[in-house]
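First comes the structure, then the notes that go with it.
The values are calculated or read from the model by the stated rules, or taken from the named source; none is laboratory data. What you are looking at is a predicted structure, and each value in this text was computed from that prediction instead of being measured. Here the Cβ positions follow ideal geometry from the backbone for every residue, glycine too, while neighbour counts run over all protein chains shown.
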Amino acid sequence: MAFNTGLSGLRASSVDLDVTGNNIANASTVGFKGSKVQFGDLYANGFLSSGTNPIGDGVRVQDVKQNFGQGNISFTDNGLDMAINGDGFFVLNNGGETRYSRAGQFGVDQDGFITNNQSMRVQGFQADGDGNLSGVRGDLQIDTDNLAPRRTTNLESELNLDSRQGVLEVSGTKVQGVQPAADDPIDAQILAIAYPDGSNRDVSIAAGTEASQVAELLNQEEGVSASARTVSEIPQAGIVAGGTVTVQGTNFDIPDPIPAGESPAEWLQRAVNDSPLNSVSATSNGAGGLVLTESRGSNLALAYNGSVGTIVQTGSINVTLDRDLTLGSRDPADPVTASDPDYGLLAGASETPFRSNVFDPNDQRTYNHATSSTIYDSLGNSHEITQYFVKEPVSGGESAWAMYVQIDGQDVGDPPGPGGEPSQARYELQFTPDGVLESIDGDPRGSVLISNWAPLDQNGDPNGAAGPRLLSEGATTPIPDPPNSSNFVINLGETTQFGSAFGVNDQRQNGFTTGRLSGLDVSDTGIVFARYTNGQSQTLGQVALATFNNSDGLAPVGETTWVETFESGQPVVGKPDTGTLGSIKASSLEESNVDLSAELVNLIIAQRNYQANAKTIETSNSVTQTIINLR
């Protein structure tokens, strides 16, 4: 009996020495978890009986218990090194076998996959081409290709225009004329422009010419700038649930019943403003109806309740003349000169003082403020867009500014001029008395579409990037995805006119040039970001972590990894820093949780136990030898 007892103690102490030695050997192994031997005593017993011998039969090793306590976290210089702060295991793909580890010494292999030192691939949640994470789990891969360029489709400009700024030098004439209603077309007439040198220019207007056409003809003349607008009103009686309103050939079928919280007029106003009719906007007339504005001065084709006979629309033309220019109107058969005091522009024309210096981007005296930003074409080439702001005379109690736009010093206005070249892009910003942007060219959305920009190279030649799509060719907002032209939107919805200095509060656009991979970052939630030389970053994926109901049941298989067993239960895989899962510390590693001091003490104890059990065997041998020596 004593021999067996001693032998069992030797075996148990030997296992204890082995486990302690293994812990000491791996005291510097990243992610290693120490183990501890658990012993149990032995007593003789039989079937349905605990036996009658109260003397024990020795000791046995019940289990080698793993300690999954947190190890210390140390920092490294490798951006892909990761440490788990809390519960969880990295999920690794070992050629189809799934393993779990706390060792986060990772790098990138030749195929771009994130792997550990044994070429096991790190598992994570995949991201699509736009960086949106999905719930699909797979091998995390770093795309080392260049980041493709993205053309600019939206430019956000949040500015403050100083309301204290005055209108630039006032000297000259601003003429406003009113076009008769569509059912009472304009008469044939000649608009005569008199210049200071005594020369005259006659502009012939044919009968029935639209306001937009008159403005276009005047814009061709030197020292003359003209814009037009057409306005019509739909009364409340013309907007009924279940009815149809037609605007510029587009039918708006008013639903019946109307959505809760809206009136038929409110529904129609929203529908028109959200429609592809970029030059048409709708506002309330304060009496249950709507006012429709065509910002270019073209005739409005309207129909409602099946009748068009009662529809009245008015076109207005605003003409800005350079210093000492005069404008007059006469019948083609009337030989009167432009200096005749009877001259006027169309019916109901009026004149008001205006600033004399016509906008010139090369002359800082002709604009109040300017700001520039960088945008990108479809090839990733950068271009400079400049927005110029000019304070306009106050009219009708509203404060107005004119915004001019140029790209690389070139005009981008649509429609094109007589020679097919882009016209000057000018937009009128109206502000409420509270300094809030009310509309741009009558459109309350606060945005403008740039639809006539042809990207050029440094020599002024087309650079091969996607070109414009004009309004006449079907250009619309929002910009289609994927975009098919160089068109983009300038959004000024947050622009204000307060009594403080001009300032650019925010100016951002969504385009960028091509970029090369310059580095990787990992967030606390395990999201892997790629950084590129163009300043952009993109989400490549998110590291997955696994947890088990019984981590002690995992089976160690070497290389500081474990595999799932029946005792551990199935893994629960999720995103870091969610639920009970820990967070990720980038450029860090979790050290072994072995307490070297405690292991050295335990080594002494194991050695002492081994020696003591050996002494038991030695003593039993001496006793046995004494018996054998009896005569």
Name the residue, out of 495, 513, that is in contact with a strand residue (DSSP E or B) (Cβ under 7 Å, 6 or more places away or on another chain), more than 18 Å from residue 378 (Cα to Cα) and either surrounded by 15 or more Cβ atoms within 10 Å (Cβ to Cβ) or among the polar types (S, T, N, Q) (or both).
495
Is at least one residue of region 442-452 in contact (Cβ under 8 Å) with a residue 40 or more places away in the chain, on the phi > 0 side of the Ramachandran plot and surrounded by 20 or more Cβ atoms within 10 Å (Cβ to Cβ)?
yes
Taking the condition of being more than 27 Å from the chain's Cα centre (by Cα) and either among the hydroxyl-bearing types (Ser, Thr, Tyr) or modelled with pLDDT under 90 (or both), how many residues in region 530-551 meet it?
2
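Considering every residue within region 580-600, establish whether at least one is without any contact (Cβ under 8 Å) to a residue 12 or more places away in the chain, of a type in the set (A, V, I, L, M) and either assigned by TED's automatic domain parsing to the domain that holds residue 86 or surrounded by 13 or more Cβ atoms within 10 Å (Cβ to Cβ) (or both).
Start the filter on region 580-600 by keeping residues that are without any contact (Cβ under 8 Å) to a residue 12 or more places away in the chain, which leaves 597-598.
From what's left, of a type in the set (A, V, I, L, M): 598.
Right, trim to either assigned by TED's automatic domain parsing to the domain that holds residue 86 or surrounded by 13 or more Cβ atoms within 10 Å (Cβ to Cβ) (or both) and you get 598.
Yes, there is a match, as at least one residue in region 580-600 is without any contact (Cβ under 8 Å) to a residue 12 or more places away in the chain, of a type in the set (A, V, I, L, M) and either assigned by TED's automatic domain parsing to the domain that holds residue 86 or surrounded by 13 or more Cβ atoms within 10 Å (Cβ to Cβ) (or both).
Do we find a residue being touching a residue at least 40 places away in the same chain (Cβ under 8 Å), over 30 Å from residue 133 (Cα atoms) and of a type in the set (A, V, I, L, M) anywhere in region 490-499?
First pass over region 490-499, keeping only residues touching a residue at least 40 places away in the same chain (Cβ under 8 Å): 490-499.
Narrowing further to those that are over 30 Å from residue 133 (Cα atoms): 492-499.
Then keep just the ones that are of a type in the set (A, V, I, L, M); that gives 492.
Looking through region 490-499, at least one residue is touching a residue at least 40 places away in the same chain (Cβ under 8 Å), over 30 Å from residue 133 (Cα atoms) and of a type in the set (A, V, I, L, M).
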Contact list please: Cβ distance under 6 Å, first residue in region 152-169 and part of a strand (DSSP E or B), second residue of a type in the set (Lys, Arg), pairs at least six apart or on different chains.
156/508
Does at least one position in region 387-398 carry a residue that is modelled with pLDDT under 90, among the acidic types (Asp, Glu) and outside the structural domain of residue 499 (by TED's automatic domain parsing)?
no
Name the single residue, out of those in region 562-572 being within 22 Å of residue 585 (Cβ to Cβ) and within 39 Å of the chain's Cα centre (by Cα), that is surrounded by the most Cβ atoms within 10 Å (Cβ to Cβ).
571
Given (1) loosely packed, with under 13 Cβ neighbours inside 10 Å; (2) over 21 Å from residue 573 (Cβ atoms), residue 128 misses just (2)
Do you know which of the residues in region 21-48 that are closer than 17 Å to residue 605 by Cα and β-branched (Val, Ile, Thr) is modelled with the lowest pLDDT?
37
Odd one out for residue 612 among (1) exposed (fewer than 12 other Cβ atoms within 10 Å of the Cβ); (2) not assigned by TED's automatic domain parsing to the domain that holds residue 544
(1)
For region 235-273, how many residues are under 27 Å from residue 474 (Cα atoms), touching a strand residue (DSSP E or B) at 6+ places or on another chain (Cβ under 8 Å), outside any helix (DSSP H, G or I) and of a type in the set (Val, Ile, Thr)?
5
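Among the residues of region 573-597, write down those that are among the aliphatic types (A, V, I, L, M) and within 42 Å of the chain's Cα centre (by Cα).
Applying the first criterion (among the aliphatic types (A, V, I, L, M)) to region 573-597 yields 573, 581, 584, 586, 589, 594, 596.
Passing the criteria: 573, 581, 584, 586, 589.
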Which number in (1) among the β-branched types (Val, Ile, Thr); (2) in contact (Cβ under 8 Å) with a residue 40 or more places away in the chain; (3) closer than 25 Å to residue 105 by Cα marks the one condition that residue 616 misses?
(3)
Among residues of region 601-613, those that are polar (S, T, N, Q) and without any contact (Cβ under 8 Å) to a residue 12 or more places away in the chain, counted:
1
Filter result (free of Cβ contacts under 8 Å to residues at least 40 places away in the same chain and not in a strand (DSSP E or B)) within region 500-538
533, 535
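Please report, ordered by residue number, the strands (runs of 3 or more DSSP E) entirely within region 367-474 with at least 1 residues that are within 25 Å of the chain's Cα centre (by Cα).
Numbers: elements: 369-376, 382-391, 399-407, 425-431, 437-440, 447-450.
In region 367-474, 369-376, 382-391, 399-407, 437-440, 447-450 are the strands (runs of 3 or more DSSP E) which contain 1 or more residues that are within 25 Å of the chain's Cα centre (by Cα).
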